[in-house]
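Below: one structure, written as structure tokens.
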Ligand code: CTP
């Protein structure tokens, strides 16, 4: 499966650095071409010559190499473009921390920033370092960046302690690498040439300049859907309400605040090949907007509401042939019945039903458990919102 594939092997300064030599051999046996970058401290554990002889390429340590050729200092860019996969094994807590903060102080960290391929991080460390809150938070961060993590194994560590922190064996890393290469191959094709419109986050319906009606949506699921569609090759537009998230790179983003503004923007992009309505649209807005803050002495105990447009129903009513419409349903009871009713009434192809009663799903959290309904099927999917987004699109479009 790795035949003809190009892998960068990043080696950082831990005792498991010597195991990377065996991993390199496994990659080669599987047919891959391998280049090695080592951090300066990794070279204290294993000499660059070992990896240079095995890989039959120069080993890169510093961004500024010894050679003075004019293009030598841009080789991290060239490597980043060259690779099909970047595996960092072992990855120390120090390099992990640098990756999280975007450091580019050596060839390895610079190439991480330049890389256009999947990145697999194999965190390997001793004692309590793996469990330390900073390490755990950094792991969560790199997962949010979309990098892949292969968890360390439990066992006897170099310090003499027992614990979680060992580098998994070369076969385990090889298998993970193969999975990433295969899913990248699929990713490259599935939605290429398609336009995808994604809506995300809450809307706000203002009563006056300081008060509004809204909901706890953070936009995480919608942003994950946009990112997943973009990775599958789609041309993605993301329209979103007020959120605290960084938009995925390569995605056109449009900010809105109210349901009415969302409706207006969706109409502009309504010809997209695929529309994913993950926004938590407010169903009601106050009938009157007060231009000045309503003082409590003048406030009435009632707020008159009017319905907002049901955007997804509008899309379902004017859909064109071949267009795929995907809705989300957040329910507190009768999940399947309510979601199925929305699927039919809104005239859409798929609905992703979310139950608020589960702890690990719904608003704000990074994980989700959903039911995908459509095409006469009902499938449960759970994992991080990123994983769920990928699986949803795989299931919907790999038909
Ligand atoms: N939706 C929409 N416009 C609205 C309300 C909802 O386009 N005014 C979309 C949502 O983005 C979602 C789907 O419709 O994809 C279902 O939203 P949900 O709030 O679960 O359902 P509602 O249709 O609002 O029905 P109810 O509030 O009765 O559950």
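Annotations for the structure displayed:
- Some residue of the range 140-163 being surrounded by 20 or more Cβ atoms within 10 Å (Cβ to Cβ), assigned by TED's automatic domain parsing to the domain that holds residue 64 and over 23 Å from the mean Cα position of the chain (by Cα): yes
- Among (1) surrounded by fewer than 20 Cβ atoms within 10 Å (Cβ to Cβ); (2) touching a residue at least 12 places away in the same chain (Cβ under 8 Å); (3) farther than 26 Å from residue 187 by Cβ, the one test that residue 73 misses: (2)
- Considering 74, 111, the condition of being assigned by TED's automatic domain parsing to the domain that holds residue 174, at pLDDT 95 or above and outside any loop (DSSP other than H, G, I, E, B) is satisfied by 111 alone.
- Residue within the range 234-249 that is surrounded by fewer than 17 Cβ atoms within 10 Å (Cβ to Cβ) and under 25 Å from residue 189 (Cβ atoms) present: yes
- Of all residues making up the range 271-289, the number that are crowded, with 16+ Cβ neighbours inside 10 Å and either farther than 26 Å from residue 353 by Cβ or more than 12 Å from the ligand (Cβ to nearest atom) (or both): 4
- Subset of the range 26-42 that is in contact with a strand residue (DSSP E or B) (Cβ under 9 Å, 6 or more places away or on another chain) and in a helix (DSSP H, G or I) - its residue that is surrounded by the fewest Cβ atoms within 10 Å (Cβ to Cβ): 28
- Yes/no for residue 141 being closer than 30 Å to residue 273 by Cα, in contact (Cβ under 8 Å) with a residue 40 or more places away in the chain and either out of contact with any strand residue (DSSP E or B) (no Cβ under 9 Å at 6 or more places or on another chain) or part of a helix (DSSP H, G or I) (or both): no
- When we screen 122, 117 for residues that are farther than 19 Å from residue 16 by Cβ and not in a helix (DSSP H, G or I), the only hit is 117.
Matching residues to (1) more than 23 Å from residue 393 (Cβ to Cβ); (2) over 29 Å from the mean Cα position of the chain (by Cα):
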{"position": "263", "(1), (2)": "yes, no"}
{"position": "292", "(1), (2)": "yes, yes"}
{"position": "300", "(1), (2)": "yes, yes"}
{"position": "312", "(1), (2)": "no, no"}
{"position": "326", "(1), (2)": "no, no"}
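- Test for residue 192: is it within 11 Å of the ligand (Cβ to nearest atom) and within 26 Å of the chain's Cα centre (by Cα): no
- Strands (runs of 3 or more DSSP E) lying entirely in the range 331-399 (those with 1 or more residues that are modelled with pLDDT of 95 or more): 350-355, 367-374
- Filtering 315, 373 for residues that are under 24 Å from residue 260 (Cα atoms), touching a strand residue (DSSP E or B) at 6+ places or on another chain (Cβ under 8 Å) and within 13 Å of the ligand (Cβ to nearest atom) leaves a single hit, 315.
- The single condition among (1) within 12 Å of the ligand (Cβ to nearest atom); (2) farther than 14 Å from residue 388 by Cα; (3) touching a strand residue (DSSP E or B) at 6+ places or on another chain (Cβ under 9 Å) that residue 334 does not satisfy is (3).
The values are calculated or read from the model by the stated rules, or taken from the named source; none is laboratory data. None of these values were measured; they are calculated from a predicted model. Ideal geometry is used to build each Cβ from the backbone, glycine not excepted, and the neighbour counts take in all protein chains shown.
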